[in-house]
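What follows is a single structure, written as structure tokens, with notes after it.
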């Protein structure tokens, strides 16, 4: 059953969009989309686009409302975010947060809010949103450490973003111990669960807690993970020395 609503995905791993399985972030995103089978989906790879940093000039608020000072590839992303009903943010965990590529896109999204402050249902200050209502957002992320709690800051950031843009959280697909994803068959059950998550969301509009738990469960103790991963990294380091 195809997902009939429009989807936009921001795949912010610098190793994505180059073919093969070089990016685990991209692999998970595509597995989820396979299960979701959206009728219309656009994937953006920010690292391959001309997207300048936000310069904080606030021209998008007071000089050309809704239009950023920069005239670059971000205009393509603005258009698809405005049209989409499901927004997927896919990122590796870099220094406890989103990749710089995704953060740059999110910073530039200030052009889609109004400077006027409103008070939300929780009595919290927000900016007035200039986007169509009813949008949902999903987070897909991987982490190089083995413990799930490494996602704590990113999860909080994602929740704050959803509140500020009035997006409903659709789910968080989080995979720790990402180095294991490149070992043949070790993560086959997780990969199948990510695809199933897409299927569930397409048919039910949500992902079951059991599937999310299977995706995010820690499958190795830190000491065991170290013993498995370090030889792999040492091999890569020796290869680079040649």
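What follows is calculated from the coordinates using simple rules that are stated; it is not laboratory data. Given the structure is predicted, the values throughout are model-derived calculations rather than measurements. When we count neighbours, we look across all protein chains shown, and the Cβ atoms used for this are built from the backbone with ideal geometry, even at glycine.
The ranking of 13, 208, 216 from fewest to most other beta carbons within 10 Å of each one's beta carbon is 208, 216, 13. State whether the chain is rounded, prolate or oblate according to the following rule on the C-alpha gyration tensor (a ≥ b ≥ c being the square roots of its eigenvalues): a/c under 1.5 gives rounded; otherwise a/b larger than b/c gives prolate, and the remaining case gives oblate. Prolate.
Taking every C-alpha pair closer than 8 Å and separated by at least 6 residues, the mean separation divided by the residue count of the chain gives a relative contact order of 22 percent. Does the stretch 80-144 come out rounded, prolate or oblate, given a ≥ b ≥ c as the square roots of the eigenvalues of its C-alpha gyration tensor, rounded meaning a/c under 1.5 and, failing that, prolate meaning a/b above b/c? Prolate, since a/c reaches 1.5 and a/b exceeds b/c.
Panel order for 196, 76, by other beta carbons found within 10 Å of each beta carbon, from fewest to most: 76, 196. The simple spin-label model puts a point 7 Å past each Cα toward its Cβ; for residue 226 and residue 22 those points are separated by 3.2 nm. From the alpha carbon centroid of the stretch 83-112 to that of the stretch 17-71 is 7 Å.
When DSSP beta bridges are restricted to pairs lying wholly in the chain, around 20% turn out antiparallel.
Helical content of the chain, expressed as a calculated mean residue ellipticity at 222 nm, amounts to -12000 deg cm²/dmol (DSSP H runs of 4 or more residues, -39,500 (n - 2.57) each, divided by residue number, nearest 500). For the stretch 101-164, the relative contact order comes to 22 percent (Cα pairs under 8 Å, sequence separation of at least 6). In a fully extended conformation the segment linking residue 58 and residue 219 would gain 53.3 nm over its present Cα-Cα distance, using 0.36 nm per residue. Inter-label distance, residue 239 to residue 96: 3.2 nm, where each label sits 7 Å from its Cα along the C-beta direction. Which shape class, rounded, prolate or oblate, goes with the stretch 98-198 when its Cα gyration tensor gives a ≥ b ≥ c as root eigenvalues, a/c under 1.5 marks rounded, and past that a/b bigger than b/c marks prolate? Prolate is the answer for the stretch 98-198, as a/c is 1.5 or above and a/b outweighs b/c.
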